[in-house]
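J.: The structure that follows is given in the form of structure tokens.
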Amino acid sequence: MEQNFTQCSKCKASITAEDVFCSNCGYPENADQEEKDKYEYRIKLKMNVLKDAKKKLKNVKILLWVLAGLHLVVGLAFLSQEITFYDGIGPIIAAVIFIACVFWVNKQPLVGIMAAFIFWVLLQLSVVLVDPALLLSGIILKIVFIGIFVKGISSAKDYKEFSQKLRTLNATT
Ligand SMILES: [Zn+2]
């Protein structure tokens, strides 16, 4: 039996005329307009999720730059005085780690954010262990930071999932 082949208008894959959906990207090539509209709508939703995830990932990166900057300022201030010189080394190292996390987030958003979050929590713990009263200092800011980290982690998951789903389509659009 001879099979008729057509080309998927989305991904240019070759599909048989009997296939309603493209076997490569799932586009309802041989379905009615309503089905095609529904497909476009679902793509748009995925793109919106992706856009939102990118925004939250950007927030995490901004937060990491801010944390790096703060630690750098504190570290340099300590380093500039002989009596606190050795206290300045810790914050400088922390600043470098936060900057490294920004690059890690760029490469592997989920792992990078989790590493940065764990490092930040450990830093908070090290402060609180020395002086428990400091747990409440800047508590609102800390809650905001935790919110940014947690949203970043869930966005990194979305980002991974939805960018994979959209990859086959992005190649053609
Ligand atoms: Zn296709």
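Any read-out appearing in this document is the output of simple, stated calculations on the displayed coordinates, not a laboratory observation. No experiment lies behind these values; they were computed from the predicted model shown. Quick reminder, even Gly has a Cβ in these numbers, built from the backbone with ideal geometry, and neighbours come from all protein chains shown.
J.: With a point put 7 Å past each Cα toward its Cβ, work out how far GLU82 is from VAL144 in nm, to one decimal.
T.: 4.0 nm
J.: MET47 to VAL73: extension gain in nm, 0.36 nm per residue of separation minus the Cα-Cα distance?
T.: Extending this stretch completely gives an extra 5.5 nm.
J.: Is there a quick way to get the dipole size of segment 23-70? I mean about its Cα centre, with the Cβ of Lys and Arg at +1 and of Asp and Glu at -1; what is the value in debye to the nearest 20?
T.: That gives segment 23-70 a dipole magnitude of about 580 debye.
J.: If one computes the Cα centroid of segment 142-163 and of segment 23-53, what distance in Å separates the two points?
T.: Between the Cα centre of segment 142-163 and that of segment 23-53, the gap is 25 Å.
J.: Okay, next question. Just to verify a number: FRET efficiency for LEU136 and LYS55, C-beta to C-beta distance, R0 = 35 Å, to 0.05?
T.: The calculated FRET efficiency here is 0.70.
J.: Pulled fully out, how much extra length does the chain show between ALA100 and ALA17, if you take 0.36 nm times their separation in residues and subtract their Cα-Cα distance? Mind showing how you got there, number by number?
T.: Numbers: separation 83, 0.36 × 83 = 29.88 nm, distance 5.17 nm.
Extra length available between ALA100 and ALA17 comes to 24.7 nm.
J.: Which one of VAL130, VAL102, VAL121 has the biggest mean-square fluctuation once the chain is modelled by GNM with Cα springs under 10 Å?
T.: Among VAL130, VAL102, VAL121, the largest GNM mean-square fluctuation belongs to VAL130.
J.: Another question, if that's okay. Just to confirm my understanding: which cysteines in the chain have no other cysteine beta carbon less than 4.7 Å from their beta carbon?
T.: Here CYS101 come out as lacking a disulfide-compatible partner, given the Cβ-Cβ threshold of under 4.7 Å.
J.: In the structure displayed, which of LYS61/LYS160; LYS12/LYS61; LYS58/LYS157; LYS56/LYS142 lie more than 26 Å apart, Cα to Cα?
T.: Values: LYS61/LYS160 17 Å; LYS12/LYS61 37 Å; LYS58/LYS157 14 Å; LYS56/LYS142 17 Å.
With Cα atoms farther than 26 Å apart: LYS12/LYS61.
J.: Helix check for the chain. Which DSSP H runs span at least 30 Å along their own axis by Cα, with a mean Kyte-Doolittle hydropathy no less than 1.0?
T.: Membrane-span-like by this rule: 109-130.
J.: Another question, then. Once the piece of chain linking ASN24 and LYS36 is laid out straight, how much longer is it, given 0.36 nm per residue of separation minus the C-alpha distance between them? Each step should come with its number before you reach the end.
T.: On the way: separation 12, 0.36 × 12 = 4.32 nm, distance 1.57 nm.
Length gained between ASN24 and LYS36: 2.7 nm.
J.: Write out the GluC sites (Glu not before Pro) in segment 1-61 meeting two conditions: DSSP loop, and at most 12 other Cβ atoms within 10 Å of their Cβ.
T.: GLU2, GLU18
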